[in-house]
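> Right, I'll just put the structure down here and ask away after.
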Amino acid sequence: MDQFTILIMIVISSAIMTLTMVSDYIFDSSQKHTLDWAFAGAAFSVASTLAVFDQYHAMAQPTVTVFLNAFFIIGHALILKGCLRLMGHQSGYFAVVALSIIVVAIQFVPAVVASAQLRVLILSPVVIVINLAALTVLAKHLRSKEFRGLLPLILSVFMFLVLYILRFISMAQGDGGIEYIKEGFVYIGNFLLSSYYFLLTVSLIFTNFWFSEQKLKAMAVTDNLTGFFNRNALVPFVSKAYNFAKRENLRLAFIMIDVDHFKKVNDEYGHHVGDKVLQRISSVVTGYIREQDSVFRMGGEEFLLVALKTDCDGAIILAERLREAISQCTIAVSNEEEIQITVSIGISTNSSHDDNWQGAIERADYALYEAKHNGRNRVQMSSPSLCYGTVQSA
C-alpha cells in the first residue's frame, strides 16, 4: 500500500467520522458533544485533504502546510471540547478559535517556516497536551458507572498519544531522527493515523450509543415533572436498600409526603398550576436530602423519601424541616392571587417486626392517613413501639 493510498484512507476515515457524528446529532440533538465531534471530523477531513494536496501537487504553497497543521490541532481541540461537554463541563468555542489563531501565527515565524523539525517540536507538544487533557477528563470517571461506555474512547486517545509521543521523541533526536522519519515513520505514522481515525469513529459511536442507552434507562425510572424516581424504580431500589440496612443493622426511614388539597388546586386553577406546586415541592425536598437519600413520586401528589442511616428522631426532624419549608412556599396563580402550599407527612422506620420493606411503607402510609385525618399540615409518626430511641408521635 503506497503513501497516496494511505492518505486517501485518512481522508475517507475522517469524512466517515464527520458523517456519523452528524447523523448521531440529528438523531439526538440533546447530545451537544456529538456536534463538537462532528466539527472535529470536519477539521480532520480538511487537514487530511490539504495533506494530499501538499504532498502531491507541484504548486503547493507553504501556507498549505500552515493550515494543514492548524486544522489538525483544531480537530483534537474539538475532541477535547466534546469530552468536556460529555462529562458535564461547560466549554465554549473561544478557546478553540484562540488556539487556532496562535497555531497559524506561530507557523509564520521565519525560523519555523524554514524548519520542518522545528514545526514538529513546537506543535507536537500542543497536540500531546490536548490529548493528555482529554485522557485526564475521561480517566476521572474510571470508578464511575460511565467507565464502561468511555473505555473504547480512552483506549483510542491513549493509542494516539503513544504514537505522537514517539514521533516527538524521534524528531527531537536531530538529523538522524529526520532521516528516520523521512524513510519510514511518516509512512507508518500515516497508516496508524488512518487506523486511529477509524478506531476513534467506532469509539465515539459506541460512547454515544452507550450514553443514549443509559439515558433511556434513566428515563424509564424517572418522573419527568419532578426529576425524582418513579414507581418503576421503587421495588428494586427499596428492596436493595432494605436488605442492606438489615444486614448492616442500620436504620432506614420511610417518609411519605402528600400535598394537602391538591385536587382542589387542580380543579380551581388548572393542572398547570398543580404541576408548578409539584415542581416547587420537589425543589424544596431536593435542597434538604443527602446524597444517600432517594425520593420517589408514588403517583399524583404523593412522594416517598427513603433516608438511609436515619432513625425515628432524625426522620421526624427532617420531616418537620420539610413541612415548615414547604408551608412557606406560595405559587402565583395570577397577577393578583397566590396560593399557599402545605403537606402532610407520615413516617416509619425499618423494624424487626416487619417481614419485608412493604410493611414499613404501609405503616408510613397509614401514618400519613392519620396526619390527614388529624388536620393536615403536620407530621405523624407510625407506632412508636416500632422505633429505636425515644420518639414522640405527632
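> Out of the residues in the range 127-163 that are part of a helix (DSSP H, G or I) and among the polar types (S, T, N, Q), which is surrounded by the most Cβ atoms within 10 Å (Cβ to Cβ)?
Looking at residues that are part of a helix (DSSP H, G or I) and among the polar types (S, T, N, Q), I get Ser156.
> Now, a different point. Select from the range 247-262 the residues that are of a type in the set (D, E, K, R) and in contact with a strand residue (DSSP E or B) (Cβ under 8 Å, 6 or more places away or on another chain) and write down the one among them that is modelled with the lowest pLDDT.
Among residues in the range 247-262 that are of a type in the set (D, E, K, R) and in contact with a strand residue (DSSP E or B) (Cβ under 8 Å, 6 or more places away or on another chain), the one modelled with the lowest pLDDT is Arg251.
> Of the numbered conditions (1) out of contact with any helix residue (DSSP H, G or I) (no Cβ under 8 Å at 6 or more places or on another chain); (2) assigned to a helix (DSSP H, G or I), Cys83 fails exactly one; give the number of that condition.
Among (1) out of contact with any helix residue (DSSP H, G or I) (no Cβ under 8 Å at 6 or more places or on another chain); (2) assigned to a helix (DSSP H, G or I), Cys83 violates only (1).
> For the range 355-385, give me each residue that is touching a residue at least 24 places away in the same chain (Cβ under 8 Å) and acidic (Asp, Glu).
Selection gives Asp365, Glu370.
> I'd like the full set of residues that are of a type in the set (A, V, I, L, M, F, W, C) and surrounded by 15 or more Cβ atoms within 10 Å (Cβ to Cβ), limited to the range 214-236.
Matches in the range 214-236: Val221, Phe228, Phe229, Ala233, Leu234.
> For the range 342-353, indicate whether the set of residues that are modelled with pLDDT under 90, under 16 Å from Val238 (Cβ atoms), more than 35 Å from the chain's Cα centre (by Cα) and surrounded by 14 or more Cβ atoms within 10 Å (Cβ to Cβ) is non-empty.
For the range 342-353, residues modelled with pLDDT under 90, under 16 Å from Val238 (Cβ atoms), more than 35 Å from the chain's Cα centre (by Cα) and surrounded by 14 or more Cβ atoms within 10 Å (Cβ to Cβ): present.
> Something else now. Return the pair list, or none, for Cβ contacts closer than 9 Å from residues in the range 323-336 that are closer than 10 Å to Val284 by Cβ to residues that are surrounded by 11 or more Cβ atoms within 10 Å (Cβ to Cβ) and among the aromatic types (Phe, Trp, Tyr), at least 6 apart or on different chains.
Ala325/Tyr288
Here is a yes/no grid of residues against (1) modelled with pLDDT of 85 or more; (2) surrounded by fewer than 21 Cβ atoms within 10 Å (Cβ to Cβ); (3) under 22 Å from the mean Cα position of the chain (by Cα):
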residue	(1), (2), (3)
Gln55	no, yes, no
Gln61	no, yes, no
Leu80	yes, no, yes
Gly92	no, yes, yes
Ile122	yes, yes, no
Pro125	yes, yes, no
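The values are calculated or read from the model by the stated rules, or taken from the named source; none is laboratory data. Source: prediction; values computed, not measured. Cβ coordinates were reconstructed from backbone atoms using ideal geometry, including for glycine residues, and neighbour counts include every protein chain displayed.
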